[in-house]
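Q: Provided herewith is a single structure, encoded as structure tokens, for subsequent inquiry.
The values are calculated or read from the model by the stated rules, or taken from the named source; none is laboratory data. Treat the numbers as computed from the prediction; the structure is a model and nothing was measured. FYI the Cβ positions are ideal-geometry reconstructions off the backbone, even for glycines, and counts take in every protein chain you see.
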Amino acid sequence: MPRYSRIEIRKQALNFSVGHFTIFSEKERENLHGHNFQVECEITAPVGEDGLVFDYGIIKKILRELCDELDEHVILPSKSPHLRLEKQGEYTAAIFHNERLLFLEKDLIILPIANTTVEEFSYYFLNLLTDRRELSNKGIIEITVKVSSSPGQSGCATWKLA
């Protein structure tokens, strides 16, 4: 019978700084502002005869790459029912209620999420992790990703093997 262990990865380097605004309703949103988001991950997998679940440096490398992709951008959600995005040459217009906010393409990343919240960011990272081929044969039975916008304010998403 296999032994399972949970590996918890909390590294200061697993972070990304982005501009965003949270949308609360069809007429209310935050002002554009920024956060230094922190990413953590817990993985449960079998412990091998060598005393390791696997080289979890793989997880750190993947998370660092994902953080680097988002770092120093403005993030907008493509699935918000209250935000419309229109390309206008080298700009993207974010249309919210009676406002039109223009962003340079080079400064912007549009993610397939409903809002730019810690809850959505945690699911975004989790979905990307569960799709990674490097992790498919590691016997992982559970992954939890936590994204924090400040100490004491975070969202978690969990995947479990059915």
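Q: Over 18 Å from K60 (Cα atoms) and under 15 Å from the mean Cα position of the chain (by Cα), is that true of V18?
A: On the way: over 18 Å from K60 (Cα atoms): yes; under 15 Å from the mean Cα position of the chain (by Cα): yes.
Yes: the conditions hold for V18.
Q: Can you go through E8, E40 and tell me which one is more than 16 Å from the chain's Cα centre (by Cα) and in a strand (DSSP E or B)? So that I can check it myself, show each step before the final result.
A: Values: E40 fails: more than 16 Å from the chain's Cα centre (by Cα).
E8 is the lone residue from the list that is more than 16 Å from the chain's Cα centre (by Cα) and in a strand (DSSP E or B).
Q: Restricting the first residue to the stretch 134-162 and requiring it to be touching a residue at least 60 places away in the same chain (Cβ under 8 Å) and within 21 Å of E120 (Cα to Cα), which pairs with a second residue that is surrounded by fewer than 13 Cβ atoms within 10 Å (Cβ to Cβ) and aliphatic (A, V, I, L, M) meet a Cβ separation below 8 Å and a spacing of at least six or different chains?
A: Between residues of the stretch 134-162 that are touching a residue at least 60 places away in the same chain (Cβ under 8 Å) and within 21 Å of E120 (Cα to Cα) and residues that are surrounded by fewer than 13 Cβ atoms within 10 Å (Cβ to Cβ) and aliphatic (A, V, I, L, M), the close pairs are E142/L161.
Q: Taking the stretch 20-61 on its own, how many of its residues are in contact (Cβ under 8 Å) with a residue 24 or more places away in the chain, closer than 28 Å to I143 by Cβ and not polar (S, T, N, Q)?
A: 18
Q: With the structure loaded, tell me whether E42 is on the phi > 0 side of the Ramachandran plot and either in contact with a Lys or Arg (Cβ under 7 Å, 6 or more places away or on another chain) or at pLDDT 95 or above (or both) or whether it fails that test. Break it down into steps so the answer makes sense when it comes.
A: Working: on the phi > 0 side of the Ramachandran plot: no; either in contact with a Lys or Arg (Cβ under 7 Å, 6 or more places away or on another chain) or at pLDDT 95 or above (or both): yes.
Taking the combined requirement at face value, the residue does not satisfy it.
Q: Here is a follow-up. Could you list, in sequence order, the residues of the stretch 110-119 that are surrounded by 13 or more Cβ atoms within 10 Å (Cβ to Cβ) and out of contact with any Asp or Glu (no Cβ under 7 Å at 6 or more places or on another chain)? Before the answer, list the steps.
A: Taking the stretch 110-119 as the starting set, the residues that turn out to be surrounded by 13 or more Cβ atoms within 10 Å (Cβ to Cβ) are 110-111, 113-119.
Answer for the stretch 110-119, where residues must be surrounded by 13 or more Cβ atoms within 10 Å (Cβ to Cβ) and out of contact with any Asp or Glu (no Cβ under 7 Å at 6 or more places or on another chain): I110, L111, N115, T116, T117, V118, E119.
Q: Does any residue of the stretch 134-148 turn out to be of a type in the set (G, A, S) and touching a Gly at 6+ places or on another chain (Cβ under 7 Å)? Before you say what the answer is, go through the steps one by one.
A: To start, the set of residues in the stretch 134-148 that are of a type in the set (G, A, S) comprises 136, 139, 148.
Next cut, touching a Gly at 6+ places or on another chain (Cβ under 7 Å) only: none.
No, the stretch 134-148 contains no residue that is of a type in the set (G, A, S) and touching a Gly at 6+ places or on another chain (Cβ under 7 Å).
Q: Let me ask you something else. Being in contact with an Asp or Glu (Cβ under 8 Å, 6 or more places away or on another chain) and buried (at least 16 other Cβ atoms within 10 Å of the Cβ) is the filter here, so list the residues in the stretch 120-146 that pass it. Explain how you work it out, then say what you get.
A: Filtering the stretch 120-146 down to residues in contact with an Asp or Glu (Cβ under 8 Å, 6 or more places away or on another chain) leaves 142-146.
If the condition is that a residue be in contact with an Asp or Glu (Cβ under 8 Å, 6 or more places away or on another chain) and buried (at least 16 other Cβ atoms within 10 Å of the Cβ), then I143, T144, V145, K146 are the ones that fit.
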